[in-house]
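The values are calculated or read from the model by the stated rules, or taken from the named source; none is laboratory data. Everything numeric in this text was worked out from a predicted model, so none of it was measured. Methodologically, a virtual Cβ is constructed for each residue, glycine included, from the backbone with ideal geometry; neighbour enumeration extends over all protein chains shown.
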Ligand SMILES: NC(=O)c1ccc[n+]([C@@H]2O[C@H](COP(=O)([O-])OP(=O)(O)OC[C@H]3O[C@@H](n4cnc5c(N)ncnc54)[C@H](O)[C@@H]3O)[C@@H](O)[C@H]2O)c1
């Protein structure tokens, strides 16, 4: 019997995941509270730029394997595996706001009438999934078997379709062998291609995602810190990065000095990790991330200062025409 999949929250992550699962042959239902988004996706229109995604959605809406709805109840009645992909935006003091996630659990679980595996894909503070377990248990209808797992997503914007179909690793945070096997079944194609699988408990799976992003941010800030020294000494940061990058313990990726990191994930996830560590009374463990952020913020000031220095100045005000080449935070992204 084919696994039927629901994807709850059809934003950047969810729309791509839903289309990817349909491409893998599953029957997929995408759910979102945003009726306009659902209508657009059903017509093959994607409200952000991601190469290949509109084509893939159109293909599978036409093939009948992918449909979209605003009804979570419909998804509850249809699917065996529910991927939760709702937003976890920056909330108070940089902490991640998990209220959309709670809203999904509160509505989905009581509506379940068949055995279900709920799989969190959203990026959440470590400890979130375990804190949801009693909530899931309390809301589960009598006689229905419901499990919760966490499967963080590592897709790169601009390569989201490829990364969804061919992930470079899979992390399954589970509480039972049954959940692990259900996920191995869903991702059988990627595993057959050689994608490594790390099976862990729930907190590890959550922490993998934020710590990966914190590491990448640290790498970018590291090279930008070196850029500051290069500017003072006449050293060339690009040659420096090339030379560092030839060391395969370091690698050349994410050693591009420039404006610093941005986009929807790195700044938010770094701040959320700091907030969570502080909440756990372990702010010192991630103290260095304040430095990482400070370097990142300085780069923007530096670029503005550089731009000002080449403009005409009259009476303390700068005049000139400024062109910005490339308005996205990285190539091929929105
Ligand atoms: N965008 C990425 O590249 C990326 C990569 C990996 C992980 N993530 C993580 O995935 C999560 C989602 O990110 P995104 O970029 O797709 O966000 P997004 O804002 O593009 O999409 C979130 C979607 O969830 C929907 N939603 C909110 N509440 C809902 C509810 N109760 N029921 C159904 N739908 C609901 C919203 O309407 C929206 O369409 C975040 O935790 C993010 O950190 C994102």
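Picking from residues in the stretch 92-143 that are farther than 20 Å from residue 207 by Cα and touching a strand residue (DSSP E or B) at 6+ places or on another chain (Cβ under 7 Å), the one that is nearest to the ligand (Cβ to nearest atom) is 104. In summary, residue 125 fulfils each of the numbered conditions (1) more than 14 Å from the chain's Cα centre (by Cα); (2) in a loop (DSSP other than H, G, I, E, B) with the single exception of condition (1).
Let's see how each residue does on (1) near the ligand (Cβ under 9 Å from one of its atoms); (2) in the same structural domain as residue 155 (by TED's automatic domain parsing); (3) under 15 Å from residue 69 (Cα atoms):
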site	(1), (2), (3)
8	yes, yes, yes
26	no, yes, no
33	yes, yes, yes
40	no, yes, yes
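What pairs come up if the first residue lies in the stretch 134-160 and is more than 19 Å from residue 108 (Cβ to Cβ), the second is in a strand (DSSP E or B) and within 15 Å of the ligand (Cβ to nearest atom), and their beta carbons are under 8 Å apart, counting only those six or more places apart or on different chains? Cβ pairs passing all conditions: 152/171; 152/173.
Scanning the stretch 28-37 for residues that are buried (at least 18 other Cβ atoms within 10 Å of the Cβ) and more than 17 Å from residue 50 (Cα to Cα) yields 28, 29, 30, 31, 32. Being touching a residue at least 40 places away in the same chain (Cβ under 8 Å) and either farther than 22 Å from residue 265 by Cβ or within 16 Å of the ligand (Cβ to nearest atom) (or both) is the requirement here; does residue 176 meet it? Here the answer is no, as residue 176 does not meet what is asked.
For residue 89, state whether it is closer than 26 Å to residue 203 by Cβ, under 14 Å from the mean Cα position of the chain (by Cα) and surrounded by fewer than 15 Cβ atoms within 10 Å (Cβ to Cβ). Criteria met by residue 89.
Restricting 195, 225, 179 to residues that are crowded, with 21+ Cβ neighbours inside 10 Å and either out of contact with any helix residue (DSSP H, G or I) (no Cβ under 7 Å at 6 or more places or on another chain) or in a helix (DSSP H, G or I) (or both) narrows the list to 179. Criterion applied to 308, 289, 273 was being assigned to a helix (DSSP H, G or I) and within 16 Å of the ligand (Cβ to nearest atom), and the one residue passing it is 273.
Of the residues making up the stretch 156-167, one or more are buried (at least 22 other Cβ atoms within 10 Å of the Cβ) and in a loop (DSSP other than H, G, I, E, B).
Exactly one residue out of 232, 255, 266 is at pLDDT 95 or above, touching a helix residue (DSSP H, G or I) at 6+ places or on another chain (Cβ under 6 Å) and more than 30 Å from residue 98 (Cα to Cα): that is 255.
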